[in-house]
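Right, one structure below, let's go through it.
The values are calculated or read from the model by the stated rules, or taken from the named source; none is laboratory data. This is a predicted model, so every value here is computed, not measured. Here the Cβ positions follow ideal geometry from the backbone for every residue, glycine too, while neighbour counts run over all protein chains shown.
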Amino acid sequence: MNGKIGLIFGDGIGPEIVREAKKVLDRTAEKFGHRFDYKELLLGGASIDVHGVPLTKETVEEAKACDAVLMGSIGGDAKTSPWYQLEPSKRPEAGLLGIRKALNLFANLRPAYLYEELRSSCPLREDISRAGFDLLIMRELTGGLYFGARKTEEVDGVMTAVDTLSYNELEIRRIAKRAFDVAQKRRGKVCSVDKANVLDSSRLWRKVVEEVAKDYPDVELSHMYVDNCAMQLVMNPAQFDVILTENMFGDILSDEASMVTGSIGMLSSASLNDTRFGLYEPSHGSAPDIAGQNKANPIATILSAAMMLRYTFDLDQEAEAIEGAVRQVLKDGYRTGDIMTEGCTYTGTVQMGDLIAERI
Ligand code: IPM
Ligand code: MG
């Protein structure tokens, strides 16, 4: 088959890791007889440098004309980069939020899996990591605090800032359905995470999730408060299959979940709407401190490319070939700096891409 893929190289380590993911995609296409055409799209700081804004209409239109978009990471060092002298709505992150909203990418899937080979990088106690874990965070991505009205103003002589957390039942229902659909293909469990002991938006969330659950009698639903979930993720991550949660909670919990896998450099993600289109990106940031030094771990981006093959192009076998190649490279003892342990072979970004491509 022929596919058209938008590439957002982005900022910091973005260009290096996307190059390696493209290398692996090209190898996969060659091996399985497909053809991918690429179109480079500008977003974040790279777009500010050219157009003065982090997202242009052009990028949105070009993305829409692709079957899927693969992204590296965007943003720079907030202390030193001139991008952060701009007002908040013109900074790199605003471009990412803008493209998520413009393409209606409401479902963000973030799998967190403990590789047998990386068990020694897992920061959890050995008796906890021994059980392993394999979970997926289904994060709502286009609502809640990220997109509610906000303002900063003086009220009675006191500076006051307001952010609004709002969800309607339609937004909750569509993301809940996604979580149950995915759970049916996994181990059949959904844990919905909220703060229903305090927030109205969470009480509505819980009510709607319970309604949706009635259509999925084969999936077991539980509820958990977000503070407890943060604790359970380090105490007993093996209990989770699919964690369903709103935008802000999902942002925080997904960083936590990724870190207990040993490195945030291993975690892929997919942001989907209700078509086959998806934006695929690693869960980690742009790591400006190591940019351009051939040190970044490209695996999260490579695994995001695998998710793209599975969710947008329906190429399960090809996706498995990439995931298998990653596992094999780890078994063979190759490690980037973030996951390096004694006795393994230190590997730079480019070499890691080569090693994975060779194993497709
Ligand atoms: C993420 C990131 C973004 C978010 C930032 C860069 C705006 O942390 O994708 O998790 O908060 O969603
Ligand atoms: Mg985040």
Meets criteria (in a helix (DSSP H, G or I) and touching a residue at least 24 places away in the same chain (Cβ under 8 Å)) for I137: no
Residues (within 16 Å of ligand 1 (Cβ to nearest atom), assigned to a helix (DSSP H, G or I) and closer than 18 Å to Y113 by Cβ) located in region 226-257: L233, G250, L253, S254, D255, E256, A257
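Yes/no matrix, rows are residues, columns are (1) out of contact with any helix residue (DSSP H, G or I) (no Cβ under 6 Å at 6 or more places or on another chain); (2) within 16 Å of ligand 2 (Cβ to nearest atom); (3) touching a residue at least 24 places away in the same chain (Cβ under 8 Å):
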| residue | (1), (2), (3) |
| --- | --- |
| G188 | yes, no, yes |
| C191 | yes, no, yes |
| S201 | yes, no, yes |
| V212 | no, no, yes |
| V242 | no, no, yes |
| G250 | yes, yes, yes |
| T261 | yes, yes, yes |
| G265 | no, yes, yes |
Selected residue [within 27 Å of D338 (Cα to Cα) and either surrounded by fewer than 16 Cβ atoms within 10 Å (Cβ to Cβ) or modelled with pLDDT of 95 or more (or both)] from G12, G98, G52: G12
Flag for D274 being away from ligand 2 (no atom under 16 Å from the Cβ) and surrounded by fewer than 16 Cβ atoms within 10 Å (Cβ to Cβ): yes
Residue among E320, E342 that alone is in a loop (DSSP other than H, G, I, E, B), more than 16 Å from ligand 1 (Cβ to nearest atom), among the charged types (D, E, K, R) and without any contact (Cβ under 8 Å) to a residue 24 or more places away in the chain: E342
Matching option when the condition is away from ligand 1 (no atom under 16 Å from the Cβ), under 26 Å from V193 (Cβ atoms) and surrounded by fewer than 21 Cβ atoms within 10 Å (Cβ to Cβ), among L118, L124, L145, L103: L118
